[in-house]
Amino acid sequence: MAKKRNLKKTINYICSDLFAECVAASLYGVKTNEENVDALLSTILRMNNDYVSRISHPEPGILPKDYFKNVMESFNKDVSEIIDQISNMN
């Protein structure tokens, strides 16, 4: 298992890249609905806060290796969904 600090840094880095990509796509892409862009940006911010807090405070009773594996699989799935939404904006 990686250190919690490294997991948090990775989550923050990926979320900041997603946020920047969403802003760039909304500015330079075809006309998009501002409400959809705002909703996607707030989703990225909520996702960042959620996963960082889940890393900071793991659930008791679950093996740490299994818990962090599940958290990262869930994070990767959510990131893929957001990437699909960003690509569909244009």
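No lab work stands behind these numbers, since they all come straight from the coordinates. This one's a predicted model, so the numbers in the text were calculated from it and none came from an experiment. Ideal geometry is used to build each Cβ from the backbone, glycine not excepted, and the neighbour counts take in all protein chains shown.
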- [ ] Give the label of the value calculated from the structure for Cα Rg over 2.2 N^0.38 Å, choosing from (i) 1.21; (ii) 2.81; (iii) 1.09.
- [x] (i)
Open item on the list: Students often forget the sequence filter, so: which lysines lie under 24 Å Cα-Cα from K69 once same-chain residues fewer than 8 apart are removed?
Closed with: K3, K4, K8, K9, K77
TODO: Please give the net charge around F68, taking every other residue with its beta carbon less than 14 angstrom from that of F68, where Lys and Arg add +1 and Asp and Glu add -1.
DONE: +4
- [ ] Select from S56, N70, T43 the residue farthest towards the positive end of the dipole of the chain; place +1 on Cβ of Lys and Arg, -1 on Cβ of Asp and Glu, and compute about the Cα centre.
- [x] S56
TODO: Round to the nearest 10 and give me the degree value, 0 to 90, for the angle of helix 4-28's Cα axis relative to the longest principal axis of the chain.
DONE: 10 degrees
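What is the dipole size for the range 1-64, taken about its Cα centre, with +1 at each Lys and Arg Cβ and -1 at each Asp and Glu Cβ, in debye to the nearest 20? Don't skip to the end; give the middle numbers.
Working: 8 positive and 7 negative charges, 100 e Å.
So the dipole magnitude of the range 1-64 works out to roughly 480 debye.
Based on the inverse mean of 1/r over its pairs of different Cα atoms, what is the Kirkwood hydrodynamic radius of the range 41-90, in Å?
Values: mean 1/r = 0.0835 Å⁻¹.
About 12.0 Å for the range 41-90.
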TODO: Return the calculated 222 nm mean residue ellipticity for the chain, to the nearest 500 deg cm²/dmol, obtained by summing -39500 (n - 2.57) across DSSP H runs with n ≥ 4 and dividing by the residue count.
DONE: -29000 deg cm²/dmol
Task: Degrees separating the helix 34-56 axis from the principal Cα axis of the chain, which is the longest one - done: 10 degrees
